[in-house]
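Okay, so here's the structure we're looking at.
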Amino acid sequence: MLTRAGERLASWTTLRVGGPAADFVEATTRPALYDAVGALDDCGTPVLVLGGGSNLVVADDGFDGTVVRVATAGIAVGGDARGDAEVTVEAGESWEGLVELAVNESWVGLEALAGIPGTVGAAPIQNVGAYGQEVAETIAHVHAYDRLERRHRMFANADCGFGYRTSAFKQGPNRYVIGAVTFAFRRGSLGAPVKYAELAGRLGVEVGARVPMADVRAAVVELRRSKGMVLDADDRDTWSAGSFFMNPFVAPADLPAGAPAFGQPDGRVKTSAAWLVERAGFSCGYGSEQVRVSSKHTLALTNRGGASTTGVLALAREIRTGVRVRFGIELQLEPVLVSCSLD
Ligand SMILES: Cc1cc2nc3c(=O)[nH]c(=O)nc-3n(C[C@H](O)[C@H](O)[C@H](O)COP(=O)(O)OP(=O)(O)OC[C@H]3O[C@@H](n4cnc5c(N)ncnc54)[C@H](O)[C@@H]3O)c2cc1C
């Protein structure tokens, strides 16, 4: 296993900030991944499991422990009695690579999740979602190492605690190392029904229509690109951790006048964090020379070059306070903060 001391984490995160790791190892097989974390736990060494670094904000001082980068690979395709596909993907595989494969192989259900950076192993953690689709809809099992019980476990979908940008893996932070994900895909050439109005509009169909998966993927990537939500080294609007804040859930009485509202089964409404951020006075481009709200999307905080984590967090704090003062709503962060905090 490769070991490197003092590796700068800015090189491993899409926001391109973060100081050095005391130690840095890469695991290329599932057993090596589980063994590495188990051995570090035995020694009491703090561990940061690293995927693609696209949902991470690491302190300028870095991480005083061992980063274990998940560099595992492998995709095993099986079938079920109805001829549908059961596909087990190792955690280190690229998410976008899997979406491309799924579209090419006519596996239905990931096409609207095109363009999301990162690894397959991280996808269940915050139940990645976009354009009306969530990964929870196609996951059959998650294979993990339980650091508390020190054993391998297999979670059926119903036991994963999936919700909006959350799961049992996120709720028990650092307890589980995800080694692989098994998906259950229906086969077909048409994507799942389009649920998101903006995507339906781009495709020229009604919400609920089904269109070829390749068209859905292309339309999603195009929409995402226009918002700086597809990684591009030449586009500083994409030097980010994606959306910095989650869409909040509020009681209907607390919904600001004119704010978007999506009714929930529990009676609350989900509203748009981007709308709140913008109406609180933080429009596209707000910020300093080094750290700014993306020029394409108010939810992405971007590194324009030379940014520090301290600078990113200062802007996040200012926005969170501004939204609280203006609307009385406390925004929650979407990325994971490592060795730093907003408070
Ligand atoms: C431009 C951009 C657009 C984005 N768009 C979206 C979007 O549309 N929807 C969405 O949901 N997200 C989006 N994201 C966020 C991010 O891409 C996802 O959360 C992604 O799943 C993170 O994967 P990663 O491999 O980069 O995880 P990392 O950033 O490396 O890690 C994130 C967290 O997961 C943990 N972790 C990673 N791998 C494992 C593992 N195998 N086992 C245990 N823990 C692990 C880490 O310790 C950390 O706590 C976007 C990010 C960017 C930069």
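Since every read-out is calculated from the coordinates, none of them should be taken as a lab result. Please read all numbers here as calculations on a predicted model, not as lab measurements. Here the Cβ is made from the backbone with ideal geometry for all residues, glycine too, and neighbour counts use every protein chain on show.
Quick notes on this structure:
- The stretch 6-117: relative contact order in percent, alpha carbon pairs under 8 Å with at least 6 residues between: 24 percent
- As a calculated quantity, the FRET efficiency between Gln290 and Ala32 at R0 = 30 Å, using C-beta atoms, amounts to about 0.20.
- log₁₀ of I(q)/I(0) at q = 0.20, 0.23, 0.34 Å⁻¹ - the stretch 157-202, Debye sum with one point per alpha carbon: -0.88, -0.94, -1.23
- The residue list Gly62, Val128, Ser283 was ranked by how far each Cα lies along the charge dipole of the chain toward its positive end, using unit charges on Cβ atoms, and Ser283 comes out on top.
- Here the relative contact order of the stretch 174-216, from alpha carbon pairs under 8 Å that lie six or more residues apart, stands at 37 percent.
- The stretch 176-232-the stretch 321-335 distance, computed between alpha-carbon centres (Å): 29 Å
- Each semi-axis of the equivalent ellipsoid for the stretch 23-153 is √(5λ) with λ an eigenvalue of the Cα gyration tensor; in descending order they amount to 29, 18, 12 Å.
- The simple spin-label model puts a point 7 Å past each Cα toward its Cβ; for Ser226 and Arg326 those points are separated by 2.3 nm.
- Efficiency of FRET from Cβ geometry, Thr166 and Ala251, R₀ 22 Å, rounded to 0.05: 0.65
- Cα gyration tensor, the stretch 9-90 - rounded (a/c under 1.5), prolate or oblate: oblate
- FRET efficiency, Ala158 to Glu318 (Cβ-Cβ, R0 30 Å, nearest 0.05): 0.15
- Least to most buried among Val67, Val338 (fewest other Cβ within 10 Å first): Val338, Val67
- Hydrophobic, long helices, defined as DSSP H runs whose alpha-carbon span along the helix axis is 18 Å or greater and whose mean Kyte-Doolittle value is at least -1.0, occur in the chain at 30-43, 213-226, 309-327.
- Take every pair of alpha-carbon atoms less than 8 Å apart whose residues are at least six positions apart; their mean separation over the length of the stretch 107-210 yields a relative contact order of 31 percent.
- You can think of it this way: the chain between Ala209 and Ser189 has 5.9 nm of extra reach, that is 0.36 nm per residue less the Cα-Cα gap.
- For the stretch 37-77, the alpha-carbon radius of gyration amounts to 1.43 times the rule-of-thumb value 2.2 N^0.38 Å expected for a compact globular protein.
- Hydrodynamic radius by Kirkwood, which averages 1/r over all alpha carbon pairs of the chain, in angstrom: 20.9 Å
- Per-residue Cβ neighbour rank within 10 angstrom, fewest leading, Asp23, Asp266, Asp159: Asp266, Asp159, Asp23
- The stretch 121-136-the stretch 5-30 distance, computed between alpha-carbon centres (Å): 24 Å
- Per-residue [θ]222 nm for the chain (sum of -39500 (n - 2.57) over DSSP H runs n ≥ 4, rounded to 500): -6500 deg cm²/dmol
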